[in-house]
Each structure stands twice: as structure tokens, then as C-alpha cells.
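The block underneath contains the structure these notes are about, expressed in C-alpha cells.
The values are calculated or read from the model by the stated rules, or taken from the named source; none is laboratory data. These numbers were taken from a predicted model, which means no experiment stands behind them. With ideal geometry, Cβ positions are generated from the backbone for all residues, glycine too; neighbour counts draw on all protein chains shown.
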Amino acid sequence: MTSKQRVANAIARKPVDRVPVFMWFHPETVTRLAETLEIAPRHVASVMGNDVFQTWVGNNHAMEGVQHEHDGERHTDDWGITWERQYGFNQIVNHPLANATDDEIDRYEFPHDRIPALLKNMDAMTPFQDTHFIGCDVSPCALELMYRIFGMERAMLELACDTPAIRRFIGKTADFGVALSVAACAHCHMDWLWTGDDVGGQHGMILSPEMWRETIRPAMARIVDVGRQSGLPVAYHSCGAIRPIIPDLIEIGVNVLNPIQCDCPGMVAASLKAEFGKHLTFMGGVDTINLLPRGSVSDVRRATRALIDTMTSDGGGFILAASHTIAPETPMENIFAMYHEAGLTKEMIFDAASELRRHL
């Protein structure tokens, strides 16, 4: 079974030869895996059996796709946001509208002219279109993009005040998300449209569900609808405790929910599957805070097996993934233990690396 077939079947709850896998690794974890497997870092995802190949065309490219060699190095993206590498991650050090007046908010221009350049990131997926499930990440789409541009405190204040200027800004945010999504769907064949907005914290939502429904849901619905009109499943990513709005996400047409941050209130995987499994495919659920970095090999295998069995109880509807990026301090044997339960043994992974080296 090809990766493309495997993921498509899982979403449709049809038989698969193994649970599909889509893992995200911290760049330092990629380096460690590459050294362990004796391959170049760019081949790690393939050798480790990722069934989904995906790239960023939205602002997440500025956060994840631009990699600096040393802490302290910076770049300013097409949205005017300045990022600095800190402890291996790009962090925002300047929000362009942090101190803006209403007039300056109205004059802010989204980078519509940069869409063709952003879409070129998808060209790297072309060689894998026949074999792998191809995704395009247009996130962050609404609230998260707002607090990147304004800063969290200013964004929350603007939403609370509900000024005409912020209403217009949210509309422009949705306009850009729609334009980017339409262009991405036309640029090349893909298998899902990946959207998202981090609207959840560790203990609850960043803003009330009622405020989200009033201010953010309409913008998200417009972007999700682009994928639906293109005949694609739509995936949605939000970290944190977002259970109150899961019914809303289903109503606007979301098909796949990621990452199931199981240590947050209301986000126990089995409970989510029981309540929403008829309507959603889930992706995620392997704990990256305690289980993977601190658990034993037996702990990891036992928890991963239980997760897979629970989340595929109806025959599918699950893609195995971690609840966040797999951190550098995660023991290699724990990573391989997780993969073992997905049907990808350590021996199979090393054989794939050896086969790759033989053909290079």
C-alpha cells in the first residue's frame, strides 16, 4: 500500500496495512536521527516512514521553514514580523502592529504580492505526488496570525474592545487566507488543505468559546470552505484545550483534527474518539512532555499501542503523530519504540536507510 492510499483509507475508515504516520521532529532531533541512520537530514522524514509530506506556504514558513544556524540570528518575514532563533526555535521579537493606531491598522497590507513566491515551497513535493499524501499548510489563519502581528496582549485587548478597526483587520486576515488557499489549491495537486490557529492553552482556551464563535469562526469557515469546494479533506491544527469548539469545527467542515494534546483538560484521546469519532479523523496523541522524553521503552510501547487500538476502534480515523514536535532530549530508543507499535520496526527503518545509501 502506498502512503497516499494508506492515509486516504484511514480518513475514509477503510482497511490499511498499518496505521499511517506523520511525525514532526525538532531540527536537532532530525540531526540526531540523521547521524544515527547515516543519512542526510533531508531524508529523515522519508526513511522514518512519514506517510504525509507537507510544506508551509503561510506564516508558519517564517517560523518553521527558515532555519538559522546560531541562536541570536534574525529575519523579518513578509508580514513584517521579526524572528530570532532562541534555544533552537524561531521566536518573535518584534510585532509590527504592537503599538499601532487605528489608522495604522487600516493601512496594514497583507503580502498578497508574495503569494507566488510562497507557493514555490510546494514544488519540493512534486516528486512524491504519486506515492505520498501531499499536504499544504496555509496556517496560521486568523487568531494566531493576529497575535503574531499585534502581540498577544494587544490582540486580546483589541478583540475585547471589538473596535471597527479590528473587525476590518479580521476580515482582511480571512481575505488573505482565502486567497492563499485558492492559489495553493490551483498551484499543484494535493491531498488535503492544512489550516490552523493555536487558540488553546494548557488549561483552557485563549479566548472564550463565545468570543471565538463571534469573531474567529467566520474567518476560519471561509478558509475551510476553500478546501471543501476543491474536494479536499481539511485538517485543522490547534494546540491546547479546545474541546468546547470541536463541534464548531465539525460544523464548518473540518475533517482532521491535530494534535490531541492529551495532558490538557478535555483532550483525552479516548473521550474525543467516543464523542466525535464519527465526524473527525484524529492525528496525534503521543505525549511529548512526559512519555517520550521520560518514559521507558516499555512505557512508550504500551501507551502507543493503547492509543492506536483506541483510536482505530471503528476501523480507522487515526493518523499516528506526537502531540508536539519531538524534542532533542527524547531517547532514540523511545522514538523507535513508538514506531515499532505502528508497524515500522527499528530494523525496517535501518534497512530503509541502508537502501537509500545504496542508491545515492
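Quick check on my filter: what residues within the range 322-352 are part of a loop (DSSP other than H, G, I, E, B) and in contact with a His (Cβ under 9 Å, 6 or more places away or on another chain)?
Hits for the range 322-352 are 325, 327, 328, 330.
May I ask you to list the residues in the range 307-321 that are touching an Asp or Glu at 6+ places or on another chain (Cβ under 9 Å) and part of a helix (DSSP H, G or I)?
307, 308
In this structure, does residue 272 turn out to be assigned to a helix (DSSP H, G or I) and either assigned by TED's automatic domain parsing to the domain that holds residue 201 or under 19 Å from the mean Cα position of the chain (by Cα) (or both)?
yes
Looking at the range 19-56, which of its residues are surrounded by fewer than 21 Cβ atoms within 10 Å (Cβ to Cβ) and touching a Lys or Arg at 6+ places or on another chain (Cβ under 7 Å)?
Result: 38, 39.
Go through the range 273-290 and give me each residue that's free of Cβ contacts under 8 Å to residues at least 40 places away in the same chain, of a type outside the set (Val, Ile, Thr) and closer than 17 Å to residue 261 by Cβ.
Passing the criteria: 275, 276, 280, 282, 284, 285, 287, 290.
Any chance you could count how many residues in the range 313-351 are crowded, with 20+ Cβ neighbours inside 10 Å and of a type in the set (Asp, Glu)?
Going through the range 313-351 one residue at a time, the tally reaches 1.
In the range 74-114, what count of residues is obtained for those that are β-branched (Val, Ile, Thr), over 22 Å from the mean Cα position of the chain (by Cα) and surrounded by 15 or more Cβ atoms within 10 Å (Cβ to Cβ)?
Matching residues across the range 74-114 total 1.
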